[in-house]
Amino acid sequence: LPLDVGERKALSVTERLSRSLTFYSRVLPILARYKLAELDLEQRCADEEECSAEYSELDEWGSDKLRDAILELQGFYVKSGQVLSTRVDLFAKPYCDKLQVLQEGLAPIPTDVVKEVVRRELCGDGTLDELFSDFEEKPLGCASIAQVH
């Protein structure tokens, strides 16, 4: 999420491609580790307990990696991660648990940046005092697409 207060422009094709490549460079190794574990366990004729332990370890590692990638990329990826965190019917518990931070644990945008964007968008060349009698410095809440002051 760019924090500059200049005009935000749509991402260029190159920037979008770069974000996609970053995402896939983080996710494909997770998927590859699961496939390698599956082949290894199959070859060793591992019992159910051994398989469960191996996958539990992979779930912990993979969920950390996915959460970190999403937090780094922000935007669309955060919103997607929020949806994934609610799908306990599709994803292992560690994934849902670790992606839950995307529901409530996002860092706020600095107040000076928010004030400048609001001033520019709503007041033009004016000041916030012309529109608001008070502007709470500390955000009451923040999410993937909004922040309340």
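The values are calculated or read from the model by the stated rules, or taken from the named source; none is laboratory data. Since this is a predicted model, take the numbers as computed values, not measurements. Here Cβ is always computed from backbone atoms with ideal geometry, including for glycine, and neighbour counts include all displayed protein chains. Remember, those area values only see protein heavy atoms, side chains included, never the ligands or the DNA or RNA. Shrake-Rupley method; radii C 1.70, N 1.55, O 1.52, S 1.80 Å.
Checking the structure you have, find out if any residue of segment 63-82 is over 17 Å from the mean Cα position of the chain (by Cα) and open to solvent by less than 100 Å² (accessible area, probe 1.4 Å). Show your work before the answer.
Applying the first criterion (over 17 Å from the mean Cα position of the chain (by Cα)) to segment 63-82 yields none.
No - not one qualifying residue is present in segment 63-82.
Assess whether L66 counts as being modelled with pLDDT of 95 or more, more than 29 Å from Q147 (Cα to Cα), part of a helix (DSSP H, G or I) and not β-branched (V, I, T).
Working: modelled with pLDDT of 95 or more: yes; more than 29 Å from Q147 (Cα to Cα): no; part of a helix (DSSP H, G or I): yes; not β-branched (V, I, T): yes.
Against the criterion (modelled with pLDDT of 95 or more, more than 29 Å from Q147 (Cα to Cα), part of a helix (DSSP H, G or I) and not β-branched (V, I, T)), L66 does not qualify.
Could you tell me how many of the residues in segment 114-140 are touching a Cys at 6+ places or on another chain (Cβ under 8 Å) and either of a type in the set (S, T, N, Q) or part of a loop (DSSP other than H, G, I, E, B) (or both)? If you could, list the steps in order and put the result at the bottom.
First, the residues of segment 114-140 that are touching a Cys at 6+ places or on another chain (Cβ under 8 Å): 130-131.
This time we only want the ones that are either of a type in the set (S, T, N, Q) or part of a loop (DSSP other than H, G, I, E, B) (or both), so: 131.
Residues flagged as touching a Cys at 6+ places or on another chain (Cβ under 8 Å) and either of a type in the set (S, T, N, Q) or part of a loop (DSSP other than H, G, I, E, B) (or both) within segment 114-140 amount to 1.
Would you please list the contacts, defined by Cβ atoms under 7 Å and residues six or more apart or on different chains, that run from a residue in segment 14-37 that is free of Cβ contacts under 8 Å to residues at least 24 places away in the same chain to a residue that is open to solvent by less than 100 Å² (accessible area, probe 1.4 Å) and not hydroxyl-bearing (S, T, Y)?
So the pair list comes out as A37/E54; A37/L58.
Could you list, in sequence order, all residues of segment 22-42 that are loosely packed, with under 14 Cβ neighbours inside 10 Å and over 26 Å from the mean Cα position of the chain (by Cα)?
If the condition is that a residue be loosely packed, with under 14 Cβ neighbours inside 10 Å and over 26 Å from the mean Cα position of the chain (by Cα), then L36, L39, D40, E42 are the ones that fit.
Is it true that some residue in segment 43-55 is in a helix (DSSP H, G or I), aliphatic (A, V, I, L, M) and either at pLDDT 95 or above or open to solvent by 50 Å² or more (accessible area, probe 1.4 Å) (or both)?
To start, the set of residues in segment 43-55 that are in a helix (DSSP H, G or I) comprises 43, 48-55.
Narrowing further to those that are aliphatic (A, V, I, L, M): 53.
In the following step, the residues that additionally are either at pLDDT 95 or above or open to solvent by 50 Å² or more (accessible area, probe 1.4 Å) (or both) were identified as 53.
Yes: segment 43-55 contains one or more residues that are in a helix (DSSP H, G or I), aliphatic (A, V, I, L, M) and either at pLDDT 95 or above or open to solvent by 50 Å² or more (accessible area, probe 1.4 Å) (or both).
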